[in-house]
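No value in this document is a laboratory result; all are computed from the given coordinates. Just so it is clear, the structure is predicted and the values come from calculations on it, not from any experiment. Quick reminder, even Gly has a Cβ in these numbers, built from the backbone with ideal geometry, and neighbours come from all protein chains shown.
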Amino acid sequence: MFSRMAADSVLPSRPSDVHDNAWHLVYRAVEHGPLRNACVNSNILRQLPKVLAEMAPLIPRMQTKRHLADYDPICSFTAQEVADDIDECEAAIQTFMAAPEADRRAFVAFVLFRLR
């Protein structure tokens, strides 16, 4: 879902095939490692509006749960745990989408681009 939000933040409208191709490029550019790192990097989090900085830690937490579910054969989650996680993720998506466009774009920039 973050990949779609990132692409939509960078290219909100796609009036041509060129824009479709560029949107797809941004969509595929999101890498899980840099996404996770941006969400735990205190230097980045300090620069974000409070509401986005508070939402960011959910991303690595859900990545960890996904890895456990995919790769740990003895790990299991109850239906209630999964439902609670889905609710929390949906709330985070709503929070992100309700943030000002400039703030969403800044968050995407921190994820997609590395400081050099």
What do you get when you divide the Cα radius of gyration of the range 1-48 by 2.2 N^0.38 Å, with N the number of residues?
-> 1.34
Note to self, the chain gives a 222 nm [θ] from helices alone (DSSP H runs n ≥ 4, -39500 (n - 2.57) apiece, / all residues, nearest 500) of -23500 deg cm²/dmol
Electrostatic dipole magnitude of the chain [Cβ: Lys, Arg +1; Asp, Glu -1; Cα centre; debye, to 20] = 620 debye
Obtain the nm distance between the two label points defined at residue 43 and residue 98 by a simple spin-label model: each point lies 7 Å from its Cα along the Cα-to-C-beta direction.
-> 3.2 nm
Between residue 51 and residue 75, Cβ-based FRET efficiency (R0 22 Å, step 0.05) works out to 0.10
Taking the range 32-112 and dividing mean pair separation by its residue count, relative contact order in percent (alpha carbons under 8 Å, at least six apart) | 41 percent
Which option, (1) 8.6; (2) 13.0; (3) 6.9, is the value of mean projected area of the Cα convex hull in nm² that was calculated from these coordinates?
-> (1)
What longest range of the chain stays clear of loop-exposed chymotrypsin sites (Phe, Trp or Tyr not before Pro) (DSSP non-H/G/I/E/B, at most 16 other C-beta within 10 angstrom)?
-> 1-76
